[in-house]
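For reference, the structure discussed in these notes is given below.
The values are calculated or read from the model by the stated rules, or taken from the named source; none is laboratory data. In this text, all values refer to a predicted model and were calculated from it rather than measured experimentally. Quick reminder, even Gly has a Cβ in these numbers, built from the backbone with ideal geometry, and neighbours come from all protein chains shown. Keep in mind that these areas ignore ligands, DNA and RNA; they rest on the heavy atoms of the full protein, side chains included. Shrake-Rupley method; radii C 1.70, N 1.55, O 1.52, S 1.80 Å.
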Amino acid sequence: MDVRVQMSMVFHLDKCIGCHTCSLACKNIWTDRKGTEYMWWNNVETKPGTGYPTGWEDQEKYHGGWELKDGKLGLRSTSKTQTVFNIFHNPNQPSMDDYYEPWTYDYQNLFNAPEGSDQPTAVPLSMVTGDLIQIKAGPNWDDDMGGSPVYAESDPNLAALNPDQKAQMFAIERLMFFYLPRICNHCLNPSCVASCPSGALHKRGEDGIVLVDQKRCRGWRACIAACPYKKMYYNWQTGKSEKCVLCYPRLETGQAPACFHSCVGRIRYLGVILYDADRIHEVASLPEDQLIEGQRSLILDPRDPVVIAGARQNGIHDAVVEAACKSPTYRFVKDWKMALPLHAEFRTLPMLFYVPPMAPVMAHKSETALENNSEDLFADIEEARAPIEYLASMFGTKHTGKVRYALRKQKAVRWYRRAITVGDVDMPTAERMLREADCTPAEAEAIYRLTSLCSFEERFVIPPMHREQAIEMLEDPLEHKQGVGFGFMDGPRRGL
Amino acid sequence: MSNLSTYFNALFFIALPYAALVLFFLIGIRRYLRRGFTYSSLSSQFLENKQHFWALMPFHYGIITVLTVHIAAFLIPRQVEWWGRVPARLWFMEIGMLAAGLLTLAGLVAAMVRRKVNRKIAVVTSAADWIILVLLLLQIVSGLGVAILHPWGSSWFSIAVTPYLWSIVKLDPNIALVAVMPALVKYHIINAFLIIAFFPFTRLVHILVMPNPYLWRRPQVVRWYRRPQAARG
Ligand code: SF4
């Protein structure tokens with residue numbers, strides 16, 4: 001057992017209101033520089049929809065991630081041989097057209113236009129060329145299902161549905177959508193890192209955050225093709241790849257990442273988990289239907305003495321183990337089994353987990369849709385909501401079991417709380433639901449608390465990173481004494 | 001030999017090569033140490049994906065073939081000369097090189113056109129890019145000219161040019177053999193040194209940071225600030 005630490009996340013999709021505050025918080029801190037205008041390290045997609053970049057989930061198109069070839073784990077399009085031969089032109093690299101051409105507006109014209117009979121307008125100008133452009137797409141073009149006949153209907157996950165289900169999903173009375181916020185998954189088996197010809201991409205040993213060493217990156221772009229989530233971005237100005245850094249400078253000072261901190265719906269949770277690095281390859285090579293279970297089994301119980309001993313042996317600070325015990329990720333993923341990885345079939349072992357959405361409820365019957373008169377108290381999960389096969393295509397490697405389990409538990413908790421606070425459900429029914437959903441009253445209370453009443457400290461359990469000690473190992477702080485005061489920093493620039 | 005041409009030869013075949021090499025190493029290393037960030041392929045594929053294929057693929061595969069043979073003739077002249085002794089092999093080499101040269105030319109011209117006509121690409125094109133493109137164009141055109149007008153280069157290169165190049169390396173320049181070369185060949189050599197001189201100022205430095213350890217390393221890379229003895233990789 002090789003115990004390591006991973007900063008991991010949970011997004012509770014039932015709570016996301018699609019406000020995009022997270023995206024803007026990130027943009028303002030990290031990607032408002034030249035060459036990065038088109039990047040959204042955090043983006044929020046409407047589902048069903050094609051997402052950003054367009055159709056990213058479709059690996060028949062983008063060829064990202066890992067696959068099993070004759071039982072052997074390999075990169076789909078960025079193996080060493082393929083990368084060497086594709087280094088001059090990568091056929092699997094998306095171009096700006098797959099994202100969008102960033103633009104601004106000619107606001108100056110509103111002030112400077114000569115007097116005339118018309119109101120002056122601010123025409124859109126490309127942020128690449130500065131020319132007048134026709135806006136054809138944006139990072140969130142199909143927000144709230146705008147343009148669904150083009151976008152929502154080409155959602156790759158719809159392949160999991162039969163024609164009937166599909167028709168139902170788009171029937172106007174049943175129309176439903178939800179939001180999918182995405183950042184880098186800081187995977188345990190990152191395909192970007194494995195594909196990087198320069199060794200610039202790496203995982204930080206201490207917290208598992210995946211970073212690009214900007215000085216080592218040479219712009220070979222294998223990572224852009226390799227990341228199946230398309231969360232590697234190419235800065236066309238500096239000729240370097242960039243990605244979500246999980247706001248590590250904030251984490252190192254005990255603050256939550258900007259998107260987490262600003263999240264209006266409070267859907268985001270962050271905490272460390274301990275995992276067994278010896279088993280990464282084994283788990284990533286499991287048959288598809290065992291991937292989610294396998295990934296769960298990688299996560300170790302931080303209260304287990306054997307694990308604690310392993311952590312100590314690997315130099316993991318006790319404070320980190322303590323934080324792992326309080327980690328909301330551990331609770332959602334391991335204890336309650338409610339949070340699932342997105343597209344685990346890409347085999348990167350993503351460390352961002354999603355609680356699948358209960359909402360929206362689809363009022364498909366003329367009477368109230370929420371009545372549960374049938375013997376099956378969970379009937380509406382099958383009938384009145386997003387087709388479970390659709391959710392399973394995203395969160396269950398096309399197997400509905402795990403998604404159904406998570407949804408049933410959510411519903412049971414709701415009804416249990418309803419029995420307590422509203423009283424329109426009788427307790428025996430609520431308790432029966434809990435039992436059927438594999439949940440106890442105590443667990444239900446804990447889920448309720450962490451879902452609805454969670455404080456900042458409960459949502460973000462950030463251990464002290466001891467960065468100061470770590471850096472002292474590399475640099476002597478006294479070396480800079482008497483030497484540094486004012487100094488110069490070189491901005492990143494293109495070419496010499 | 002007139003005085004003028006002696007000066008000419010000394011300037012272009014002794015002074016220029018050394019100036020070029022000094023610049024190459026001095027600026028190249030300095031840039032790597034001081035501005036390592038600027039060592040990048042500066043790929044523009046992201047901005048334009050289609051013409052990119054038709055320009056960059058032929059250019060790179062062409063130039064790699066041509067350069068490899070040049071370097072072979074420099075490093076292992078005897079083997080190259082031996083290869084050329086059988087007419088069939090010589091023909092194969094000549095035609096192969098000519099084809100590779102044409103491929104390079106086609107790719108380079110396509111790349112130049114792409115940089116000229118595509119607005120997005122124009123935005124990321126610098127003066128240094130244009131200078132090196134023009135130098136490369138001259139080099140390839142003159143190289144093709146040599147191949148056609150003064151054939152069997154694979155044989156005479158090893159006999160005439162290689163000793164000269166080695167004399168430069170050994171700091172004992174001997175230009176007797178190049179001094180009598182046809183003008184086009186001379187130009188090809190001079191232009192080559194110009195490219196070497198200008199190399200460290202341009203995007204060509206990406207050649208120096210070609211992926212290498214990558215081919216032998218394990219797939220996943222983990223960087224530690226500190227790692228206790230007991231723990232494994
Ligand atoms: S800020 Fe939170 S609630 Fe708003 S879109 Fe982002 S994840 Fe959803």
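FRET efficiency for the A:LEU496 to A:GLN165 pair, using the beta carbon distance and R₀ = 41 Å, is estimated at 0.10. Rg and Dmax, both from the Cα atoms of chain B and both in Å, are 20.8, 75.
Shown is the FRET efficiency for B:TYR32 and B:PHE92, computed with R0 = 41 Å from the Cβ-Cβ distance and rounded to the nearest 0.05: 0.55. Remark on A:TRP103: its backbone amide H falls under 5 Å from those of A:MET127, a criterion applied only to residues 5 or more positions apart or on other chains, H modelled at 1.01 Å from N. Ranked from largest to smallest solvent-accessible area, with a 1.4 Å probe on the protein heavy atoms, A:ILE267, B:ILE76 come out as B:ILE76, A:ILE267.
Accessible surface for A:GLU457 stands near 130 Å², nearest 10, in the context of the full protein assembly shown (1.4 Å probe).
Counting only heavy atoms of the protein chains and using a 1.4 Å probe, B:ILE71 has close to 90 Å² of accessible surface. Taken across both chains, chains A and B shield about 5600 Å² of accessible surface from a 1.4 Å probe. Here each label is just a point 7 Å from Cα along the line to Cβ, and for B:TYR225 and A:GLU445 those points are 4.0 nm apart. When the solvent-accessible area of chain A is split by element, carbon and sulfur atoms take up 54 percent of it, the probe being 1.4 Å. In segment B:201-218, burial by the other protein chains removes 50 Å² or more of accessible area from B:PRO211, B:TYR214, B:ARG217, compared with the chain on its own (1.4 Å probe, ligands and nucleic acids ignored). The residues of the protein assembly as shown present an accessible area of 46 Å² per residue when probed at 1.4 Å with all protein chains retained. Comparing mean-square fluctuations of B:ARG31, B:ARG217, B:ARG115 from a GNM of chain B with C-alpha springs under 10 Å, the top value falls on B:ARG217. In this simple spin-label approximation, B:PHE25 and B:ARG217 carry label points 7 Å from Cα along the Cα→Cβ vector, and these lie 2.8 nm apart. Take each residue of peptide B:30-43, count the partner chain Cβ atoms within 10 Å of its Cβ, and average: the result is 6. Per-residue mean of foreign Cβ neighbours for A:226-235 is 1 (Cβ atoms of other chains, 10 Å radius). A loss of 10 Å² or more of accessible area (1.4 Å probe, protein heavy atoms, ligands and nucleic acids excluded) relative to the isolated chain is seen in these residues of segment A:285-328: A:GLN313, A:ASN314, A:GLY315.
Here chain A is treated as an ellipsoid with the same Cα gyration tensor; its semi-axes, largest first and in whole Å, are 37, 32, 23.
What trypsin sites (Lys or Arg not before Pro) does segment A:447-496 have in DSSP loop regions with at most 14 other beta carbons within 10 Å?
Loop-located and lightly packed - A:LYS481, A:ARG493.
Ordered by 1.4 Å accessible area with all protein chains kept, A:THR121, A:THR400, B:THR65 run largest first as A:THR121, B:THR65, A:THR400. Phi angles of segment A:281-289 translate, via the Karplus equation with coefficients 6.51, -1.76, 1.60 and θ = phi - 60°, into HN-Hα couplings of 5, 4, 5, 5, 9, 5, x, 3, 6 Hz per residue; Gly and Pro are given as x.
In the context of the full protein assembly, A:ASP164 retains an accessible surface of approximately 120 Å², using a probe radius of 1.4 Å and ignoring ligands and nucleic acids. Ranked by the mean number of other Cβ atoms within 10 Å of their residues, highest first, the peptides B:172-185, A:215-228 fall in the order A:215-228, B:172-185.
Largest accessible area first, the listed residues A:LEU180, B:LEU165 line up as B:LEU165, A:LEU180 when surface is computed with a 1.4 Å probe on the assembled protein chains. When the solvent-accessible area of segment B:3-124 is split by element, carbon and sulfur atoms take up 76 percent of it, the probe being 1.4 Å.
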